[in-house]
1. Please go through region 118-142 and give me each residue that is open to solvent by 10 Å² or more (accessible area, probe 1.4 Å), within 30 Å of Ala311 (Cβ to Cβ), away from the ligand (no atom under 11 Å from the Cβ) and not acidic (Asp, Glu), ordered by number.
2. Considering only helices (runs of 4 or more DSSP H) fully contained in region 1-91, which possess at least 3 residues that are touching a residue at least 60 places away in the same chain (Cβ under 8 Å) and touching a Leu at 6+ places or on another chain (Cβ under 7 Å)?
3. Residues being surrounded by fewer than 24 Cβ atoms within 10 Å (Cβ to Cβ), assigned to a loop (DSSP other than H, G, I, E, B) and of a type outside the set (A, V, I, L, M, F, W, C): count how many of those fall in region 397-441.
4. Could you grab me the full set of residues in region 56-83 that are acidic (Asp, Glu) and touching a Cys at 6+ places or on another chain (Cβ under 8 Å)?
5. Being touching a residue at least 60 places away in the same chain (Cβ under 8 Å) and either within 16 Å of the ligand (Cβ to nearest atom) or in a strand (DSSP E or B) (or both) is the filter here, so list the residues in region 209-236 that pass it.
6. Taking the condition of being open to solvent by less than 70 Å² (accessible area, probe 1.4 Å) and of a type outside the set (A, V, I, L, M, F, W, C), how many residues in region 335-353 meet it?
7. What pairs come out if I take residues in region 241-254 that are farther than 11 Å from Gln469 by Cβ and pair them with residues that are of a type in the set (D, E, K, R) whose C-beta lies under 7 Å away, six or more apart or interchain?
8. Could we say that Val115 is more than 16 Å from the ligand (Cβ to nearest atom), surrounded by 24 or more Cβ atoms within 10 Å (Cβ to Cβ), touching a residue at least 40 places away in the same chain (Cβ under 8 Å) and farther than 18 Å from Thr169 by Cβ here?
Amino acid sequence: MIQLSIREMAAMLRAKQISVAELSSLFFDRARAFNQQTNALTKVCCDISADQLIQAETMLAQEGHVLAGIPLAHKDLFCTQGLRTTCGSNMLKAFIPPYDATVVSNLKSQGMITVAKANMDEFAMGSSNEHSAFGAVNNPWDLTRVPGGSSGGSAAAVAARMVPVATATDTGGSIRQPAALCGITGIKPSYGRVSRHGMVAFASSLDQGGVMAASADDCALVLSAMCGHDALDSTSHVDAQWSWQLPESNSMKGKKVGVVTDWIDGLKDEAIKQSTLEAIQTLKDQGAEVIDIQLPHAHLAVAAYYVIAPAECSSNLSRFDGVRYGHRSEDCRDLEQLYVNSRTEGFGEEVKRRIMVGTWALSSGYYDAYYLKAQKVRRLISQDFAAAFKQVDVIAAPVSPEVAFKHGEKSEGVSMYQADVFTIPASLAGLPCLSMPVKPAHGLPVGLQLMGNYFDEQSILSMAHQFQQVTAWHQAMPEAFL
Ligand code: GLN
């Protein structure tokens, strides 16, 4: 049961081979049972609510609701009404939102069942999920290793099938990198596709909600339901509505796939390089035409990102002042101390580091030299992609230069920042991109990244779906969780 696709689960629900209550209790039980080993979830809900049950059953009695009764977890930065939303931080450890994020309400309205909230790096800053006030998350493939981050909880929960699907967010790689390290599929849609309303902000010009699941088809079904224009998010695109069309079986024929040869040549890990090349060969075997391309400014992406993202974070996180909501220090005699002590106690080390860097980059005298310069680099990277997409339909690339690393292996900031060298360029350009499992290396999962032109989620998901029709990597599960 746990290895079935969403369509298969939906068919069983509709045929009354399993009830909504039975399906959800299967996953509630798994979520509770495996959370001790993985620490993937910050909260498992008590049980399915009567309202959710009735709604799902009513929808199942009608046609065309493939997501009704399907359980899911939300990354713990999507506001859930009446359900604690922590963002992995002490700052929000007691925060109970009075409203649902648009993503949450969109999926609820399709009859999906919220099982849990997923652990994450504090305020979505990190690539290992070791920076959470709720403790590190363990990779289900090897509990001594990290699941990637910041959506490591969502990725580990799906990899261990504690839930079949989870929402996640990606600012510089936080959907693709953990999906790759945990052997699942994850898509970050185009910027503006999915509403950011009710999603706790890290870097607003980059943050984008997306989804993780076993397969591209599962991701696409959920993405179709969560996207759409939202008047409550001023950066939501007016044409954000999209719905997944299952591709024809030979749709890869004649598709042009760009490969950034420099990136693959630069991979130090031979086994990852081999897996990447084999996956690209599989695309070729299915009729895709592979073309070498260049992204001449992409090597500047990490540097530009670590100016822009902290700058935006320093501004976004100024709202956590101990006055309005979030943690308030008990120890304060005046207003100044209230601010300082609440923020000192509420935020973790990495978050503080980013606030400091961002505040510095935005300060007068440094603004032009760093922030403005980084924005110019960002534009050059977007132009590189625009030129590439004149030649090709999809770009294939590695996701992560390495497989899941051991806990504690990368304690210092900059070596962690390099984990996103292949994911940040598409984030800066706002493009849709996904990671899908390919042949493992060193006994651990490896992902291939597919990047598409702006608003062309259909092409990358179609290609991933076709790939998954002829490979079985996405069906592999860590044995301890079978
Ligand atoms: N790892 C990157 C960072 O720490 C990206 C995080 C993300 O995408 N949320 O900023």
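1. Result: Ser132, Ala133, Phe134, Gly135, Ala136.
2. Working: elements: 6-14, 20-38, 50-61.
In region 1-91, 20-38 are the helices (runs of 4 or more DSSP H) which contain 3 or more residues that are touching a residue at least 60 places away in the same chain (Cβ under 8 Å) and touching a Leu at 6+ places or on another chain (Cβ under 7 Å).
3. Number satisfying all stated conditions: 9.
4. Residues of region 56-83 that are acidic (Asp, Glu), as a first pass: 57, 63, 76.
Hit for region 56-83 is Asp76, nothing else.
5. Within region 209-236, Gly209, Met212, Ala213 qualify.
6. Residues flagged as open to solvent by less than 70 Å² (accessible area, probe 1.4 Å) and of a type outside the set (A, V, I, L, M, F, W, C) within region 335-353 amount to 8.
7. Filtered contacts from region 241-254: Trp242/Arg193; Trp242/Glu457; Gly254/Glu289.
8. On the way: more than 16 Å from the ligand (Cβ to nearest atom): yes; surrounded by 24 or more Cβ atoms within 10 Å (Cβ to Cβ): yes; touching a residue at least 40 places away in the same chain (Cβ under 8 Å): yes; farther than 18 Å from Thr169 by Cβ: yes.
It is true that Val115 is more than 16 Å from the ligand (Cβ to nearest atom), surrounded by 24 or more Cβ atoms within 10 Å (Cβ to Cβ), touching a residue at least 40 places away in the same chain (Cβ under 8 Å) and farther than 18 Å from Thr169 by Cβ.
The values are calculated or read from the model by the stated rules, or taken from the named source; none is laboratory data. Only a predicted model underlies this, so the values are computations on that prediction, with no experimental measurement involved. Methodologically, a virtual Cβ is constructed for each residue, glycine included, from the backbone with ideal geometry; neighbour enumeration extends over all protein chains shown. Remember, those area values only see protein heavy atoms, side chains included, never the ligands or the DNA or RNA. Shrake-Rupley method; radii C 1.70, N 1.55, O 1.52, S 1.80 Å.
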